[in-house]
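Below is one structure, written out as structure tokens; the observations come after it.
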Amino acid sequence: MSQNSSTLPRWIDIGLIPILNVAMALLVSGLIILLIGESPLEAVQIMIQGALGYDEGIGYTLYYTTNFVFTGLAVAVAFHAGLFNIGGEGQAYIGGLGVGLFLLLADDSLSPILLLPVGIIAAGLFGAAWAAIPAYLQAYRGSHIVITTIMFNFIASALMVYLMVNVLIKPGQMSPESRVFLDTAHLPFAHEIFAWMGIKIARSPLNISIIWAAICCIGLWLFVWRTRWGYAIRSVGFNEKAAVYAGITPAKTIMLAMFISGALAGFVGVNEIMGVHHKLLLNYTAGYGFTGIAVSLMGRNHPFGIILASLLFGVLYQGGAELAFEVPTITRELVVVIQGLVILFSGALAYMSTPWIEWAYGALSRRQSSAGQGEG
Amino acid sequence: MTGTMENDGKKRGPGDENSPAASPSAIKLTDISKSFGPVRANDSVNMEIHAGTIHGIIGENGAGKSTLMSILYGFYEADRGTIEVDGKTVKITSSQAAISVGIGMVHQHFMLIDTFTVLENIILGAETSALLVAGLEEARVKLQALEDEYGLNVDLNVLTGDLPVGEQQRVEILKALYRDARILILDEPTGVLTPQETAQLFKILKALNREGVTIVLITHKLKEIMTITDNVSVMRAGQMVAHRKTANTSAEELAELMVGRKIINEIEKSTGQRGQPALKVEGLTVKSAGAVPLIDDLSFEVCAGEIVGIAGVSGNGQSELLEVLSGIRPFDTGKIFLNGRDVSPQHLCDPKEVRGLKIAHVPEDRHRLGMVTNFSAQESSILGYQDAAVYNSGPFLDLPTINRECRRLMEGFDVRPRLPEIRSANMSGGNQQKLILAREIDKGPEVLLVGQPTRGVDIGAIEFIHGQLIELRKQGCAVLMVSVELDEVMKLSDRILVMFDGRIVAEVAGNKADEKMLGLMMANAHSQLAQAETNA
Amino acid sequence: MSFLKQTMIVGAALMLSVSAQAADDKPAVVFDMGGKFDKSFNQGVFEGAERFKKETGVAYREFEVTNETQREQAIRKMAQRGRSPIVGVGFAQASAIEAVAKEFPDLKFTIIDGFVELPNVQAVLFKEEEGSFLVGILAAMASKTGKVGYIGGMDIPLIRAFGCGYEQGAKYANPSVEVIQNMTGTTPAAWNDPGRGSELTKGQVDRGADVIYAAAGGTGVGVYQAAKDAGKLAIGVDSNQNHLHPGTMLTSMVKRVDVAAYNSFKTGGDGTWKSGVQSLGLKEGGVDWALDDNNRSLITAAMEKRVSQAKADIIAGKIKVHDYRSNNSCK
């Protein structure tokens, strides 16, 4: 029964259970690693060391985290409106197209100070527009958004290939990539910023987009829980009939939520295109949009939880790459298995352990209370 | 099916004076406790239900009746305590286990699949054979025997969704009997029934009881307890506070036991200062997909300082009427006047504008419409008024103000606990309803639309809510009330309109109505009856 | 350059005259997103690397990237470990190789199928259009309907270059031939979608094509099977795939990425590794058409003569095969 979850204290619900879920996933992963003849402990050590143990690793971890924060928030805001946006991948792709097109057109004409804010706006607008079409179809035509958003991932992919292969490719070049943007249009990397301050850290793709991600977290929190529009979104998400009763138009609210969701996903393009690659190319979304679903689920659709979950997935991605690098028998497929297990246990099976924990908590608290009575 | 058991001579231990020592116990609960987090839903509950009796369990909403029955039916496991069925200690961990020891349950909300036939619904989950067809025939024979034995007439071949509510309930009962239930638990069975259907149900229960079925009736309606039960147990705040032989108690005593204090049941209903028509409806029609309109050429008016009650069996257009008037549902033809001004254009489906016209709405179904159960109480307390300037400062919601205002509403309407931060779902039905009422009344409406003002609300809160509606009437507000509780309609209304098939089929003055008359009107049988009488 | 050509052509011969690999020989390869078992390009490199390992006993380090940013990360990691030569697979790794090669000027880098011009980078390119031209000739000559098909994998310039060379070859052999072209898809999934390959093949057969050339990685498996089922001919790609369906595999356009990888490793160890751009066409043995026992019966003497002549003409420069990639157009 659904109300059961509310019988547990919050710290168990949002703290202990996710940790246990990850622990279970790692346990199963450990068994698999043991099966192929490697040491699970060593593997965990390599993963953590590789993700958090040195500056380059941390840089990569935080770079992944940045993407997951964007896509996780995107899934979360849609989820608050009761929508399952699994089109983050396509929205991120098109968001990147937005910022890329803008920079290709304006990197030499616009003042560098304006490039970042307008780039962010371009990415957001393109991502939002891409989400707006499925949103419109859901809100006014009743096409299920899960279907339409996933189809729009394919359309985005096809559109990008078409544009990159036929239109935007730098002439005389084999790979479908645009020209590189002017240096003034590159977001500063973390290692560059630290270098200006006189601190030398290793190169990594981490760039100032992470600050924008942090701003988005705070902004989304304020928006969802502190504004009447967020109120409307949550009303529609929890109880559409009550929202109608309250004079909230679900269709408009769906549009709003998806618009914001798409914009957030689109910001992946800022990180990838403006921050890392400095040119338009293909496949830079690399599944971040899909992973965002797991991130959001695990983070309980709350920005703070999403930050933690994004960090975890950043560690999994970077640590996983490190693991595949260091241990030849652990292939990238196995790393995907480990990531998949974490998603499985903390997403699909998120509530599997809840009854046991409830039982244990119930037993414990009863013992405590009866002990308390005994003393009193 | 076992017949009524003779006293087997086993003397029962000394019970309290009210416990009848006639038959052996069918169910005996000892020291049952169940907590949800810090909430003790059941606290050391002891109870004995004797075989072959009709046993009532009464208590306010949130008193723990449903939890107790859920434990008995295997939905929850008790933290502590033992359950004995027919003298044997049993462990009931699932509804399957409950069924296997002979316990059947008829839920408040039917667990039926509309698109299955009655027969299919009944055998669902209890198929006797891998081959459905063979199983169906086997079941049909058994069910026919059951129907004959208990006089439960239901056509096994019709689609369940096509049956009236009363018959659907009979399907539920058959379902339990088909699974060899000897103890039948009914959870608030009359909530959805007309008085006539209720009477029919009670006839069936009596028949079952004669055949030896032990019946447990959970209700919050005192009248039903007094009418049909042999024994009654009263729950309050998770505890079993009293057991009585029904014959030795009174409705007044039970009410006091339930609430824990004396109840004033009569309302001082001064004759109101009836003013000008505040709300007037002319020729209102809402079409439906089928042939019969949902609302069919409806005309009436509600004056300032007047309570107009709408009686009717659920599903005869009352809900739609409230939805149209509150702007949730568009209508096809007709006009709506507010204080003589035609406001029909504004009524084109915009609840926000309707609120702007000082029409407040306490919806019938507070969980689905009136509040968002996942919201905090303070968030629910601004539902519908979330855009109001007072609750916003710039782009942000003004949480300190919302909190302060919610606390004020809670104090004014005695909403407990006085915690604006509490999750709305964690408040009892009565307190939820009081909060919604507070929210709507606080805005000083000229017209109040109120649906089922006391559905699922405990006695103490009913008293309070009725008082508030009367107070509102005194202040000159026009109140349009839809309710299936005839007592309530008769008690509060200056005028009563009876709806049937989307039309108003009768109007009576509140002080002239009685239950039988209203019941016949609700079934649209009064005219035929009247005709028959004149003919005779 | 002439030495280099020789190296490539007689790579196999060189292998036999094994000179001891240097002790500090620490080769590495970074596979691209397709993975080393993609039955196509990456796998070719993998096979070359494995052959090197078997023959010399020198272990190499490998990594398969899973996203765009990992390319540079992995190559840099290899470099940080002092690996050399480091082989990057696929044009997509070109920019990563370029960046890391600048940071580590003392290490050797090889990019296969990509173009990077740095003193410590060896870029190996293939003239796929030349090999495709030859199989195009064979297709046009084998066709009874005068219609031949081409099924590409993911729609990118490289794959269009295959189709473009094929079309030129077919038209060269029979100016009135019709070339039906389809791409499997626009995402990397197009490299491994045999079902779609099979569908496209049936579609092309319905439109009259009776020889179908697939340059589509794993998708080709479906193409060859469908062609066989329809009693039509198919042409394989990258490695010699004639053995898959003897009797209906007309030939294969082979692209020796394995040799490229092998040579990079090999020369990296024995001191003969050279930087610079190598463009491997028919002349250098980088691409060719395959003739073996499996397809001997399908190739008539006239066909063999014609194609051998064309090959010689291309090598001699008498026939110029247009490269789609030079101007992003097949004209």
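Every read-out reported here was derived from the displayed coordinates using simple, explicitly stated rules and does not represent laboratory data. Everything quoted here is computed from the prediction, not taken from an experiment. Neighbour counts are summed over all protein chains in view; Cβ atoms, including those assigned to glycine, are modelled from backbone coordinates with ideal geometry.
May I ask you to sort C:K255, C:K77 by Cβ crowding, counting other Cβ atoms within 10 Å and putting the fewest first?
Lowest to highest Cβ neighbour count: C:K77, C:K255.
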(request) For A:A214 paired with B:E446, estimate the spin-label separation in nm (one decimal), with each label point 7 Å from Cα along the Cα-to-Cβ line. (result) 5.5 nm
(request) Go through C:L200, A:Y54, B:A506 and say which Cα lies farthest out towards the positive end of the charge dipole of the protein assembly as shown; charges sit on Cβ, +1 for Lys and Arg, -1 for Asp and Glu. (result) A:Y54
(message) What are the extents of the Cα atoms of the protein assembly as shown along their three principal axes, in Å, largest first?
(response) 119, 73, 72
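Using unit Cβ charges (K, R positive; D, E negative) and no other charged atoms, how large, in debye to the nearest 20, is the dipole of chain C about its Cα centre?
The calculated dipole for chain C is roughly 420 debye.
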(message) Using the Cα centre of the stretch A:39-326 as the reference point, and only Cβ charges (+1 on K/R, -1 on D/E), how large is the resulting charge dipole? Debye, rounded to the nearest 20.
(response) 1020 debye
(message) Can you tell me the length gained on complete extension of the stretch B:M226 to B:V90, counting 0.36 nm per residue apart and subtracting the Cα distance?
(response) 45.8 nm
(request) Treat every Asp and Glu Cβ in chain B as -1 and every Lys and Arg Cβ as +1, leave all other atoms uncharged, and give the resulting dipole magnitude about the Cα centre to the nearest 20 debye. (result) 1200 debye
(request) Considering only DSSP beta bridges where both residues belong to chain B, give the percentage that are antiparallel (nearest 5). (result) 55 percent
(request) Count the net charge of all other residues whose Cβ sits under 13 Å from the Cβ of C:P157, scoring Lys and Arg as +1 and Asp and Glu as -1. (result) -3
(request) Neighbouring Cβ atoms within 10 Å as the yardstick, rank C:I111, B:I183, A:I36 fewest first. (result) A:I36, B:I183, C:I111
(request) Would you calculate, for chain B, the mean residue ellipticity at 222 nm contributed by helices, counting each DSSP H stretch of 4 or more residues as -39,500 (n - 2.57) and dividing by all residues, to the nearest 500? (result) -9500 deg cm²/dmol
(request) Scan around B:T333 for amide H atoms under 5 Å from its own, H built in the peptide plane at 1.01 Å from N, and keep only partners 5 or more places away or cross-chain. (result) B:T285
(request) Starting from the Cα of A:A251, step 7 Å toward the Cβ, then list every residue of the stretch A:118-158 with an amide N under 18 Å from that point. (result) A:132-145
(message) If N is the number of residues in chain A, what value comes out of its Cα radius of gyration divided by 2.2 N^0.38 Å?
(response) 1.07
(message) What distance in nm lies between label points placed 7 Å from Cα along the C-beta direction at B:N153 and C:R81?
(response) 8.6 nm
(request) Give, as ranges by residue number, the residues of the stretch A:327-348 whose backbone N falls under 19 Å from the point 7 Å along Cα→Cβ of A:L41. (result) A:327
(request) Using amide H atoms built 1.01 Å from N in the peptide plane, name the residues 5+ places from C:K26, or on other chains, whose amide H lies under 5 Å from its own. (result) C:S84
(message) If you fit an axis through the alpha-carbon atoms of helix A:17-35 and take the longest principal axis of the Cα set of chain A, what angle between them do you get, 0 to 90°, nearest 10?
(response) 80 degrees
(request) Please identify the cysteines of the protein assembly as shown that lack any partner cysteine with a Cβ under 4.7 Å from their own Cβ. (result) A:C216, A:C217, B:C303, B:C349, B:C406, B:C477
(message) Can you tell me what percent of all Cα-Cα pairs in chain B are more than 46 Å apart?
(response) 18 percent
(message) Viscosity 1.002 mPa s, temperature 20 °C: what is the translational diffusion coefficient of chain C from Stokes-Einstein with a Kirkwood Rh over Cα pairs, rounded to a whole number of µm²/s?
(response) 107 µm²/s
(request) Determine the equivalent ellipsoid of the stretch B:110-181 by diagonalising the alpha-carbon gyration tensor, then write out the semi-axes as square roots of 5 times the eigenvalues, largest first, rounded to whole Å. (result) 17, 14, 10
(request) Work out from phi, with θ = phi - 60° and the Karplus expression 6.51 cos²θ - 1.76 cosθ + 1.60, the ³J(HN,Hα) of each residue of the stretch C:305-310, listed in order in whole Hz, and give x for Gly and Pro. (result) 5, 4, 6, 5, 5, 4
(request) Would you order B:I83, A:I254 from fewest to most other beta-carbon atoms within 10 Å of each residue's own beta-carbon? (result) B:I83, A:I254
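To one decimal place, what Kirkwood hydrodynamic radius in Å is obtained for the stretch C:184-250 from all pairs of distinct Cα atoms?
Evaluated on the stretch C:184-250, it is 11.4 Å.
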(request) Restricting to the protein assembly as shown, compute how many DSSP beta bridges are antiparallel as a %, nearest 5. (result) 40 percent
(request) Would you please give the residues with an amide H less than 5 Å from that of C:D288, counting only those at least 5 places away or on a separate chain, with H modeled from the backbone geometry? (result) C:V254
(message) As an exercise, use a Förster radius of 30 Å and the Cβ-Cβ distance of C:S326 and A:D183 to find the FRET efficiency, rounded to the nearest 0.05.
(response) 0.55
(request) Please identify every one of the trypsin sites (Lys or Arg not before Pro) in the stretch C:107-159 that sits in a loop by DSSP and has no more than 15 other beta carbons within 10 Å of its own beta carbon. (result) C:K144
